[in-house]
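Enquirer: One structure follows; several queries about it will come next.
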């Protein structure tokens, strides 16, 4: 098998294992990454929500916020894991396709790829 | 390490865009000269790997989480300019589709994880691996140490960007307008968690993949300057 094929299989394994990155922090009771708190968390920590933060922090509505489907109320860890895997597939595919498009554009721009 | 919207004031995120932009421009220019179409799938593989490895949040029990980035691994395989493009694409998709990192902070996040990290890490890798054979132990050790130092450099840059916010903007009551913690808090906390844990995660991921590739297909590690890469 070609090494590249093995590496793509490795990426699929990463997608399948990705919920570990969600479940382990949940089971160990960890909070957000440092500097990635929600407005509520900030308020608890420093006693106020910085005004510039409350103004702009919600201006972009991501379609899959925090790698989860929108509109789930108190989703279970299992539901979150499912949306995490789906997000992993969609995200990795989007990243790969975009990179291939950029790569091809760059290759074409200044030299042709003579064999 | 993904700075959200609202954590950096306009002059900081604007400056970060201004610093990152020339790197994107030079990276595109260099890639158009050196990238072969056969290498494009490897570049996509590297970008997708970086995206996925960042989903593996590693917990500090009762504390915070962090993750590896993979930028130094891509730099070792395809060079730091290629890593700049690959990791930038991953970070932009994370911000736009998943709200992981702010839209205004894309410049800052790319500066930290797609510029500082791959260049610092790659420099360390080159320093340690030197002119050693591609199957040499110095290669994977260099990659691992490069990953450790690269991630820590990115974390330090992020901490400084957070930490200068209360100095740059606060209201009459002394409340910060953006990220509230000063340098004296941001730098030690970010440095400690990355020096003690997340840096080792990055080192293990980077070193292990390089060690695997040395066995599976060492030609992938030929990508040092001056040599043509045969993928």
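Enquirer: What is the residue count in the stretch B:44-79 for residues that are more than 16 Å from residue A:66 (Cα to Cα), facing chain A (nearest Cβ under 9 Å) and not in a loop (DSSP other than H, G, I, E, B)?
Expert: Of the residues in that region, 8 qualify.
Enquirer: Does residue B:196 count as within 14 Å of chain A (Cβ to nearest Cβ), surrounded by fewer than 17 Cβ atoms within 10 Å (Cβ to Cβ) and closer than 14 Å to residue B:68 by Cα?
Expert: The answer is yes for residue B:196.
Enquirer: Might you check whether a residue that is in contact (Cβ under 8 Å) with a residue 40 or more places away in the chain, within 21 Å of residue B:53 (Cα to Cα) and surrounded by 17 or more Cβ atoms within 10 Å (Cβ to Cβ) occurs anywhere in the stretch A:71-83?
Expert: Yes: the stretch A:71-83 contains one or more residues that are in contact (Cβ under 8 Å) with a residue 40 or more places away in the chain, within 21 Å of residue B:53 (Cα to Cα) and surrounded by 17 or more Cβ atoms within 10 Å (Cβ to Cβ).
Enquirer: I've got another one for you. Identify all residues within the stretch B:162-175 that are within 8 Å of chain A (Cβ to nearest Cβ) and assigned to a helix (DSSP H, G or I); write none if there are none.
Expert: B:162
Enquirer: Kindly establish whether residue B:159 is part of a helix (DSSP H, G or I) and buried (at least 23 other Cβ atoms within 10 Å of the Cβ).
Expert: Against the criterion (part of a helix (DSSP H, G or I) and buried (at least 23 other Cβ atoms within 10 Å of the Cβ)), residue B:159 qualifies.
Enquirer: So, residue B:136, is that one modelled with pLDDT under 95 and surrounded by 24 or more Cβ atoms within 10 Å (Cβ to Cβ) or not?
Expert: no
Enquirer: Same structure, new question: Given the condition part of a loop (DSSP other than H, G, I, E, B), more than 8 Å from every other protein chain (Cβ to nearest Cβ) and out of contact with any strand residue (DSSP E or B) (no Cβ under 8 Å at 6 or more places or on another chain), answer yes or no: does some residue in the stretch A:101-109 qualify?
Expert: Among the residues of the stretch A:101-109, not one is part of a loop (DSSP other than H, G, I, E, B), more than 8 Å from every other protein chain (Cβ to nearest Cβ) and out of contact with any strand residue (DSSP E or B) (no Cβ under 8 Å at 6 or more places or on another chain), which makes the answer no.
Enquirer: Confirm whether residue B:191 is within 14 Å of another protein chain (Cβ to nearest Cβ) and part of a helix (DSSP H, G or I).
Expert: Answer is yes for this residue.
Enquirer: Look at residue A:39 and say whether it is loosely packed, with under 15 Cβ neighbours inside 10 Å, more than 7 Å from every other protein chain (Cβ to nearest Cβ) and within 21 Å of residue B:175 (Cβ to Cβ).
Expert: yes
The values are calculated or read from the model by the stated rules, or taken from the named source; none is laboratory data. Everything numeric in this text was worked out from a predicted model, so none of it was measured. Cβ: placed from backbone, ideal geometry, glycine included. Neighbour counts: every protein chain shown.
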